[in-house]
Amino acid sequence: MVLAGALMLAPGTAHAAEPTDPTSTSPITNVAPTVPATTTNDPVATGAPTIIAQANPAPVTQTVPDPVVQDPSLTSAAATQPTVIPPPVIDPLSASPSGYGGGGVGASSTVVTNGKIVFQSTRDGNLEIYVMNADGTLQTRLTSNPAIDREASWSPDGTKVAFASDRDGNLEIYVMNADGTAQTRVTTNAADDFEPVWSPDGTKFIFRSLRDGNGEVYVMNADGSGQANLTNNPAADVHAGWSPDGTRIAFASNRGGNYEIYVMNADGSGQTRLTTNTVSDFIPR
Ligand SMILES: [Ca+2]
Ligand SMILES: [Ca+2]
Ligand SMILES: [Ca+2]
């Protein structure tokens, strides 16, 4: 019985601030009086210490490192939990793509054929691109530059990484080997170019460019040639992503007054709105 109560505590902690729910939160208050008992009875060692410390239950449970429990998808990475989750750069609709919080969609692709994950992190003082194994081990920095490096995207074969950086004065698309060597600029444009996403066949990128005065979805060959505006719309067109077969591109646009998800053919034709509501819908993948 004690065990059952203790186990229920974990999922209930997320609602610790809501004392009225007798099923999920009462275990917290129930546990308190039995604190001395849990010390000896509860073999679930990890839970016991934090519960004991709950002379003030509410704040303690808030900071208990339990996101692993709340997010089962991360359980396998529990061993390295503290650093596995990159602080998300959430401000996808910002009109100003430069800066830590601006614009970035974040890593636009994650696990690919090489079983590794690229991501961005500010852990070393500014945005850099990192790679790690799928289980969170061997976290390695690939870029080392005081400028912004963000939005890593694997090549389909897992040998290269595309990313955006403003190291040359404004955001441009770069490509590097999977080990961080041979960092090469692909775009050269006074406006910001970012959000690169490799095509499924590895021959092209789609990306966002502000060169026309507002966000447009561009496509180019992997070597930077053949850059073309696919969206051609005075509104912001952002967050493009490929369909798995490379024939279609999903993106978000505020051309209808707020951000909605659209899809188009890979040549920009047939732009069609998929969502219709009064709030923002974005970052289709
Ligand atoms: Ca950097
Ligand atoms: Ca540029
Ligand atoms: Ca546009």
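Quick note: the coordinates plus some simple rules give every number you see, no bench work behind them. As the structure is a computational prediction, the values presented were derived from the model and not from experiment. So basically every Cβ, Gly included, is an ideal-geometry build from the backbone, and we count neighbours across all protein chains shown.
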field: Karplus 3J(HN,Hα) series, Hz, for the stretch 267-279 with 6.51 cos²θ - 1.76 cosθ + 1.60 (x for Gly, Pro)
entry: 9, x, 7, x, 5, 9, 7, 9, 10, 8, 7, 9, 10
query: If Lys and Arg each add +1 and Asp and Glu each add -1, what is the summed charge of the other residues whose beta carbon sits under 12 Å from the beta carbon of Val175?
result: 0
query: For the stretch 171-275, what is the relative contact order in percent, using Cα pairs closer than 8 Å and at least 6 residues apart in sequence?
result: 16 percent
- line: Applied in sequence order to the stretch 144-161, the curve 6.51 cos²θ - 1.76 cosθ + 1.60 (Karplus, θ = phi - 60°) yields integer Hz couplings, x standing for Gly and Pro, of 9, 8, x, 7, 7, 10, 7, 6, 5, 9, 5, 6, x, 8, x, 9, 9, 10
field: Karplus-derived HN-Hα couplings along the stretch 122-129 (A = 6.51, B = -1.76, C = 1.60, θ = phi - 60°), whole Hz, x at Gly and Pro
entry: 9, 4, 9, x, 8, 5, 9, 9
